[in-house]
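Here, each number is a calculation from the coordinates, and none is a lab measurement. Predicted, not measured: the structure shown is a model, and the values here were computed from it. As a convention, Cβ positions derive from the backbone with ideal geometry for all residues, glycine included, and neighbour counts pool all protein chains shown.
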Amino acid sequence: MNISAHTALVFAGRALVLAVILVGAELGIRYGLLSRLFFSSPTEILGALTTQYEQGTLFSNVGITVMETLLGLIAGSLAGIAVGLVLPQMRTMSRVIEPLLMVLNGIPVIVIAPLFILWLGLGLPSKIGISVYIVFFAMFIPVYTASLQLEQPLVDALRVMGASKTQIFWNVVVPSAMPSVYTGLKIGSGLALIGAVIGEFVASRAGLGHMILYASGTLDTPTLYFGIIALAVFAAILSFAVDAMGPLLVHWRFADEK
Amino acid sequence: MLEFRNVSFSFSGRRDEVEVLHDISFSCGADEIVAVVGPSGCGKSTLLSMANGLRRPSGGEVLLDDKPVAGPNRLIGMLFQQNTLLPWRSVVENVELGLEIRSESKANRRDKALTLIRQYGLGGFERKYPHALSGGMQKRAALAQTLAMEPGVLLLDEPFAALDAQTRVVIENDVVKICRAGKRSMVLVTHDIAEAISMADRVVVLSRRPATVKEVFEIPFSRHAKSVSEVPAMPEFASYFKRIWGTLDISVSGMGEAA
């Protein structure tokens, strides 16, 4: 079988699986085979979406969670990259701070979340804070490890050529860490969303997490499913976007695969 | 001229100092190739790291044209055993790295790099990344990178050890030609006696740790060979090989006695 035929088959298979789930749920609910309390059908979920739209809460709920996630991902990644790259350059400072960072990283985010709500209030900032907190570690740890494990011959070769510490930093340390930045972004993008939703679960007035929690409390199963699906779709888009950044971050690994 | 004058080097261990090199003296003039051979772990590479400025001798000094080498020097280039091309730079970007470090203008360094790349048989690979190159081509690119800075002295730390036999001879030959053509000084560290005789005008044999200069052999004939690959077929080769091997061999059997 040639490659394009294989790809076509895979996509047809995926479409079939999706169709079976959707049609199964629709028919199951319609003919009473599935309980309306535990499951929901595509039409009911679309109804929930329409209701959200008519109430004017669709964009605020989706938009807020998206905003929290993206800001958390960007700020947390930048902080993780900066600290991960610079800390190994300062040996004493790095040895002083490392245990503190490791302890902070060990605390489950769910128990840190109330602290952020206390500090930053019920709104957006506290959710971004929680998101930044977990994304930071997802980025910091791989970048820090990579910066500590430099390939010494590369550094030596540059030193012999007369490179300054700054030139070695930009020409060896930073590019050496780029594969780890890519890894950090992949892990961090998932965690950013988790951070935002956890924040909304702990205390909030809006967002998809808030909507899901409210729907769960009121036994509004279609809205609950709508919230979960909306989160899944957003997570998938985010993951594709991060994957697409590979050729920018580690261009040399993608160079000869055209 | 590069001169090692009474050079000693000690690593500081947990409790005491471990002397690796003891009172080493020899020199390498312009248009001269010196090979340093010695048992594994005798400190050959450490010796070069004092000439390239990465380490300071514990005693004695390394002189370049009678001035002590106090750190990396633009007149001293080095080819390492490992592949030291930056994986995230294309061949041409790697070749111009040294010039970039010296803040030469972009147009200027690109010109020089492209000329060298064509000269060393890497034409067509300018935009490739190092991982797409064979071991021999990586070495050529690293050589072009070093030569782009126009060093008067070339230091080679077993740079051909990882290459296959045919590629190796071709590159050895190129390096000798380049060195002779530019009237450069070259110090080559190797564990391969045949390579040392084939390439060098002089072979310095080191003892095992703490290494001292055991004997220096002048090789008068390798310079006259048309190519490096012809030297082993020359009538004088075998006797020199035997004598150098014999000088090294004492160290080997010495280790046997100790065990």
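Counting Lys and Arg as +1 and Asp and Glu as -1, each charge on the Cβ, what is the dipole of the protein assembly as shown about the Cα centre in debye, to the nearest 20?
Approximately 400 debye in magnitude.
By how many nm would the segment from B:Glu61 to B:Ser27 grow when fully extended, if each residue of separation counts as 0.36 nm and the alpha-carbon distance is taken off? Intermediate results must be reported in sequence, preceding the final value.
Working: separation 34, 0.36 × 34 = 12.24 nm, distance 1.18 nm.
Between B:Glu61 and B:Ser27, full extension yields an extra 11.1 nm.
With θ set to phi - 60°, apply the Karplus curve 6.51 cos²θ - 1.76 cosθ + 1.60 along the stretch A:23-32 and write out the HN-Hα couplings as whole Hz, x wherever there is a Gly or Pro.
5, x, 5, 4, 5, x, 5, 4, 9, x
Can you give me the distance in nm between label points at B:Ala181 and A:Thr7, each placed 7 Å from the Cα along the Cα-to-Cβ direction?
Going from the B:Ala181 label point to the A:Thr7 one covers 4.7 nm.
Looking only at trypsin sites (Lys or Arg not before Pro) in DSSP loops with at most 10 other Cβ atoms within 10 Å, what is the longest site-free stretch of chain B?
Value returned for the longest uninterrupted segment is B:16-225.
With axes computed from alpha carbons, what is the tilt in degrees of helix A:174-202 against the longest principal axis of chain A, rounded to the nearest 10 within 0 to 90?
Compared with the principal axis, the helix lies near 40 degrees.
List the GluC sites (Glu not before Pro) in the stretch A:150-258 that DSSP assigns to loop (not H, G, I, E or B) and whose Cβ has at most 14 other Cβ atoms within 10 Å. Which are they?
Loop-located and lightly packed - A:Glu257.
Which far-off residues, 5 or more places away or on another chain, put their amide H under 5 Å from the one on B:Ser10, with H placed in the peptide plane?
When sequence neighbours closer than 5 places are left aside, the close amide H contacts are B:Val20, B:Ser58.
Relative contact order of chain B, please, whole-number percent, based on alpha carbon pairs below 8 angstrom and at least 6 residues apart. The partial results should precede the final answer.
Numbers: 495 pairs, mean separation 66.8, N = 259.
Relative contact order for chain B comes out at 26 percent.
Using a Förster distance of 30 angstrom, determine the FRET efficiency expected from the C-beta separation of A:Val23 and A:His251, and round it to 0.05. Walk me through the numbers before you get to the answer.
Numbers: r = 44 Å, r/R0 = 1.46.
Efficiency, rounded to the nearest 0.05: 0.10.
So for the stretch B:1-115, taking the charge dipole from beta-carbon charges (+1 Lys/Arg, -1 Asp/Glu), which of B:Val62, B:Leu99, B:Val18 sits furthest toward the positive end?
The residue sitting farthest along the positive end of the dipole is B:Leu99.
Using the alpha-carbon centroid of each, what span in Å lies between the stretch A:82-100 and the stretch A:44-68?
First find each Cα centre; the distance between them is then 43 Å.
Per residue of B:76-89, count partner chain C-beta atoms within 10 Å of its C-beta, then hand back the mean as an integer.
5
At 222 nm, what helix-only mean residue ellipticity would chain A give, in deg cm²/dmol to the nearest 500, using -39500 (n - 2.57) for each DSSP H run of four or more?
-26500 deg cm²/dmol
Would you please classify the overall shape of chain A from the alpha carbon gyration tensor, given that a ≥ b ≥ c denote the square roots of the eigenvalues, rounded means a/c under 1.5, and beyond that prolate means a/b larger than b/c while oblate covers the rest?
Details: a/c = 3.27, a/b = 1.59, b/c = 2.06.
Note, shape of chain A comes out oblate.
Treating only the Cβ of Lys, Arg, Asp and Glu as charged (+1, +1, -1, -1), what charge dipole size does the stretch A:1-154 show about its Cα centre? Round to the nearest 20 debye.
Dipole about the Cα centre, nearest 20: 160 debye.
Can you flag which of A:Lys186/B:Lys112; A:Lys165/B:Lys112; B:Lys112/B:Lys183; A:Lys165/B:Lys128; B:Lys128/B:Lys177 are past 29 Å Cα-Cα?
Violating the 29 Å Cα-Cα cut-off are A:Lys186/B:Lys112.
In nm, give the distance between the simple-model label positions of A:Gln152 and A:Leu100, each being 7 Å from the Cα along the Cα-to-Cβ direction.
3.1 nm
Over the whole of B:146-155, what's the average partner chain Cβ count within 10 Å per residue? Rounded to a whole number, please.
1
With the crude spin-label approximation of a point 7 Å out along Cα→Cβ, what separation in nm comes out for A:Thr145 versus A:Thr51?
Between A:Thr145 and A:Thr51, the simple spin-label model gives 4.6 nm.
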